[in-house]
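Undergrad: The structure is given below, and queries will be raised subsequently.
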Amino acid sequence: MENEDVKLFNFWVSPFGKRVEWALKLKDVKYDYVEEDIFNKSNLLLQLNPVHKKVPVLVHAHKPIAESLIIVEYIDETWKHYPLLPRHPHHKAHARFWATTVEQKLGKAGWVAMSRSGEEQEKALKEANDIIEKIEEEIKGKKYFGGENIGYLDVALGWIAYLVPVWEEVGSMKMIEPLKFPGITSWMTNFLSHPVIKDTLPPRDKMLLYYHNRRNNSQNLHKV
Ligand SMILES: N[C@@H](CCC(=O)N[C@@H](CS)C(=O)NCC(=O)O)C(=O)O
């Protein structure tokens, strides 16, 4: 089963798809990568993920799995070496809680802070700040959320490390002040310089161009 074909349908800058790429790479699972155009989706993607019609989709042993955090857990259960989720049920629940809470709160606030200005941006920055303060408490004194090694929560929150600096530049604002949030800032450096992660990061110029365009044309909040 674990040696069956693996295929990842993804979009190059997707913060959700990156989670899956990272989980596969950390576990050294070989896979084929299929780039999807999320503005002109293939029929195959619509068949594989008929409910949400989104990437990422992982196809393993000819069966599709959708939703990035569910895929990461599937990968963790299927390929056991380099475990991502903690073993203890409480630690596991804690990691899942922060993965979904940060996505809900910071994902939306960060997008609005990047794509709007004036009062709307101010309000979003305040919301972002509230959750960033909580993340700072979680990471303070640790190399990774997973401890000495990258774990589930690092994979789940890794988008912050490569996307927030791009969103800050595009939105001419600052969400993560290094002096105010030294723990998150050093986690971002540790995460981005990890040998597995650093090879997966999209080119910064390409991301800046993409998000500048998204900012100028930002009616649709969901195609991150
Ligand atoms: N909750 C989903 C979100 C996936 C998602 O929003 N993917 C975006 C690309 S970053 C997408 O496919 N958007 C296409 C659309 O919204 O139609 C997950 O975690 O996998």
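Undergrad: Out of segment 146-196, which residues are in contact (Cβ under 8 Å) with a residue 40 or more places away in the chain, closer than 18 Å to residue 134 by Cβ and of a type in the set (Val, Ile, Thr)?
TA: Correct list: 160, 164, 176, 184.
Undergrad: Cβ-Cβ below 8 Å, separation at least six or inter-chain, first residue in segment 56-84 and on the phi > 0 side of the Ramachandran plot, second open to solvent by 10 Å² or more (accessible area, probe 1.4 Å) and within 14 Å of the ligand (Cβ to nearest atom): which pairs?
TA: If the second residue must be open to solvent by 10 Å² or more (accessible area, probe 1.4 Å) and within 14 Å of the ligand (Cβ to nearest atom), the pairs left are 67/52.
Undergrad: Still on this structure, please answer the following. Quick check on residue 76: is it farther than 24 Å from residue 170 by Cα, of a type in the set (Asp, Glu) and away from the ligand (no atom under 16 Å from the Cβ)?
TA: no
Undergrad: Considering only segment 101-155, how many residues are closer than 30 Å to residue 80 by Cβ and either touching a Cys at 6+ places or on another chain (Cβ under 8 Å) or open to solvent by 60 Å² or more (accessible area, probe 1.4 Å) (or both)?
TA: Count: 7.
Undergrad: For segment 30-69, give me each residue that is assigned to a helix (DSSP H, G or I) and within 8 Å of the ligand (Cβ to nearest atom).
TA: 68, 69
Undergrad: Would you confirm whether any residue within segment 21-35 is open to solvent by 10 Å² or more (accessible area, probe 1.4 Å), over 23 Å from residue 82 (Cα atoms) and free of Cβ contacts under 8 Å to residues at least 40 places away in the same chain?
TA: Yes, because at least one residue in segment 21-35 is open to solvent by 10 Å² or more (accessible area, probe 1.4 Å), over 23 Å from residue 82 (Cα atoms) and free of Cβ contacts under 8 Å to residues at least 40 places away in the same chain.
Undergrad: Let me spell it out: the conditions are (1) touching a residue at least 60 places away in the same chain (Cβ under 8 Å); (2) within 16 Å of the ligand (Cβ to nearest atom); (3) more than 28 Å from residue 6 (Cα to Cα), and residue 116 meets all of them except one. Which number is the exception?
TA: Among (1) touching a residue at least 60 places away in the same chain (Cβ under 8 Å); (2) within 16 Å of the ligand (Cβ to nearest atom); (3) more than 28 Å from residue 6 (Cα to Cα), the lone unmet condition for residue 116 is (2).
Undergrad: Residues that are within 16 Å of the ligand (Cβ to nearest atom) and not acidic (Asp, Glu): list the helices (runs of 4 or more DSSP H) wholly contained in segment 162-224 that include at least 2 such residues.
TA: 204-216
The values are calculated or read from the model by the stated rules, or taken from the named source; none is laboratory data. Just so we're clear, the structure is a prediction, and the values are computed from it rather than from any experiment. All Cβ positions, glycine included, derive from the backbone under ideal geometry; neighbour counts span all protein chains shown. Note: areas computed on protein heavy atoms with side chains; ligands, DNA, RNA excluded. Shrake-Rupley method; radii C 1.70, N 1.55, O 1.52, S 1.80 Å.
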